[in-house]
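Chemist: Please read through the structure below; I'll follow up with questions.
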Amino acid sequence: MADAPRRRRSPLIDVAVVALGGYMLLWMFGDVRYFLQGSEPRDLGDAATFVEKGLAEDLDDTFVVLRGTPDVQHAARLRIEPKGGGGGRTIGYLRIIEGGGSLFAAIPRTTEAAPQQFEGVFEGRMRRLSESPNFPAIQQHFDGERIVEERDATPQALLDALGKRQGDGLTVVDTAGQSITLGTKASVTLVVEQPDVQIQLGHRSFDSAEAAEAAVAALGFPYHAPREQSSTRFYSFYVRLPPGERESAQAKLSVVAIIPPDAKPADPSVGAAILPWITSYPVAASDITAEGGKFSFVPGDNAKPGFLVQDGKLVPRPLQGGRLVLDPGEVRAVRLDRPVVVDPAGYVIDVGVRPRDRWLEVAMWCLVLLVVGWNITSLVAGWRARRA
């Protein structure tokens, strides 16, 4: 009796295996591409220079070395547990300061007591942050830290940046010569050393607001007496007092001040104090503009615009269309504050991962390729048999 013809398996099985295998080949191809790179890393140089050039170039799955400053203060530790349990490992994630929220380093932590000091040289596999399997945890940790990057700039540098601005973004060169781009959530603070001083006269040394104001008026310089005194311990006045006259004014106020016998040192309710008056104006980077070579912005509700001398008195500086206009010469310092937000288009360097370390993944990829090829051959053979 002749053997019954062998029943061929359904071609649907071959199709399913090819589809699943094709997905795995595509998913694992990054490891293959990384394995095929040379043993020498691509030197990206200093992180500040690298970021300034832009991150447009596709460096995903590239063997690199990069030098930068690690942000140890806000480091994250993630425990990676393999499926099935056992053999877990801890990865430390460091933000590279020069990269803002665009550059990170993933460093294996063999023990909880591993050293916290790093040389600032990161060598390994560079991957897009969005492609990292731990991206959601990285984003949650670092965005939750609410990190703010602070830089100093000169008034002229800010004025130049405002003149070149396009859209809401603002790129300023800081005092270290590095460019920083400020988005809509960033802020600029203008620090102004006012030409006036603040004089504080203690309540216990001057028995009334009128007596305190009379002592200030006797100095012979323009002054302003606020209608409402915010302190319950001293009277406050603003006086256009030249620097050369401040020592003499202090002596005159001290003579008329009553000092109680039980007065304690540094008690603000006793004596007279002459203080420099420095004001800070924080404003959203998108709201500050340059008009006629001067800064223009809407001051905060509690901001003091300063004073002008008019008819021998100090009067509040008027706003122009609701905006405060300052000459760059009035600005003592410029502070730039940018919140650090994790950028999915940024990069993370898997430190210590070399191309040759991916040999097992490459072997698995080749095995899957073999299985897919065998099933494709089976499909072709079945199709030809039906045609015959």
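Chemist: So Leu241 passes all but one of these: (1) in contact with a Lys or Arg (Cβ under 8 Å, 6 or more places away or on another chain); (2) surrounded by 13 or more Cβ atoms within 10 Å (Cβ to Cβ). Which condition number does it fail?
Modeler: For Leu241, the exception is condition (1).
Chemist: State whether one or more residues within the stretch 42-51 are under 19 Å from Ser132 (Cβ atoms) and either of a type in the set (Gly, Ala, Ser) or at pLDDT below 75 (or both).
Modeler: yes
Chemist: If a residue must be crowded, with 19+ Cβ neighbours inside 10 Å and part of a strand (DSSP E or B), how many such residues does the stretch 327-349 contain?
Modeler: Counting residues in the stretch 327-349 that are crowded, with 19+ Cβ neighbours inside 10 Å and part of a strand (DSSP E or B) gives 7.
Chemist: Name the residues in the stretch 275-317 that are without any contact (Cβ under 8 Å) to a residue 12 or more places away in the chain, within 20 Å of Pro328 (Cβ to Cβ) and in a strand (DSSP E or B), would you?
Modeler: Correct list: Leu308 only.
Chemist: Further question: Considering (1) free of Cβ contacts under 8 Å to residues at least 12 places away in the same chain; (2) touching a Lys or Arg at 6+ places or on another chain (Cβ under 9 Å), say which one Leu182 fails and leave the rest.
Modeler: The failed condition is (1).
Chemist: While we're on this one: Residues Gln250, Gln166: which one is of a type in the set (S, T, N, Q) and within 30 Å of Asp337 (Cβ to Cβ)?
Modeler: Gln166
Chemist: Quick one: Ile278 ticks every box in (1) surrounded by 14 or more Cβ atoms within 10 Å (Cβ to Cβ); (2) closer than 29 Å to Leu190 by Cβ; (3) not small (Gly, Ala, Ser) bar one, so which box is it?
Modeler: (1) is the only condition that Ile278 fails.
Chemist: Any idea which residue in the stretch 281-304 is modelled with the lowest pLDDT, counting only those that are open to solvent by less than 30 Å² (accessible area, probe 1.4 Å) and under 18 Å from Arg317 (Cα atoms)? Please lay out each step first, then the result.
Modeler: To start, the set of residues in the stretch 281-304 that are open to solvent by less than 30 Å² (accessible area, probe 1.4 Å) comprises 281, 283, 285, 288, 295-297, 299.
Then drop every residue that is not under 18 Å from Arg317 (Cα atoms), which leaves 281, 295-297, 299.
Numbers: Tyr281: 95, Phe295: 95, Ser296: 95, Phe297: 94, Pro299: 91.
Only one residue fits best here, namely Pro299.
Chemist: Read through the list (1) over 14 Å from Gln198 (Cα atoms); (2) out of contact with any His (no Cβ under 6 Å at 6 or more places or on another chain), then give the number of the only condition that Trp277 fails.
Modeler: With (1) over 14 Å from Gln198 (Cα atoms); (2) out of contact with any His (no Cβ under 6 Å at 6 or more places or on another chain) applied to Trp277, the lone miss is (1).
Chemist: I would also like to ask the following. Among the numbered criteria (1) open to solvent by 70 Å² or more (accessible area, probe 1.4 Å); (2) part of a strand (DSSP E or B), which one does Lys252 miss?
Modeler: Among (1) open to solvent by 70 Å² or more (accessible area, probe 1.4 Å); (2) part of a strand (DSSP E or B), Lys252 violates only (2).
Chemist: Can I ask one more? Within the stretch 12-54, how many residues turn out to be basic (Lys, Arg) and surrounded by 13 or more Cβ atoms within 10 Å (Cβ to Cβ)? Give the derivation first.
Modeler: Looking only at the stretch 12-54, we keep the residues that are basic (Lys, Arg), and these are 33, 42, 53.
After this cut, where a residue has to be surrounded by 13 or more Cβ atoms within 10 Å (Cβ to Cβ) as well, the list is 33, 42.
Going through the stretch 12-54 one residue at a time, the tally reaches 2.
The values are calculated or read from the model by the stated rules, or taken from the named source; none is laboratory data. Keep in mind the model is a prediction, meaning the values are calculated, not measured. Heads up, the Cβs are rebuilt from the backbone with ideal geometry, glycines too, and the neighbour counts pull from every protein chain shown. Note: areas computed on protein heavy atoms with side chains; ligands, DNA, RNA excluded. Shrake-Rupley method; radii C 1.70, N 1.55, O 1.52, S 1.80 Å.
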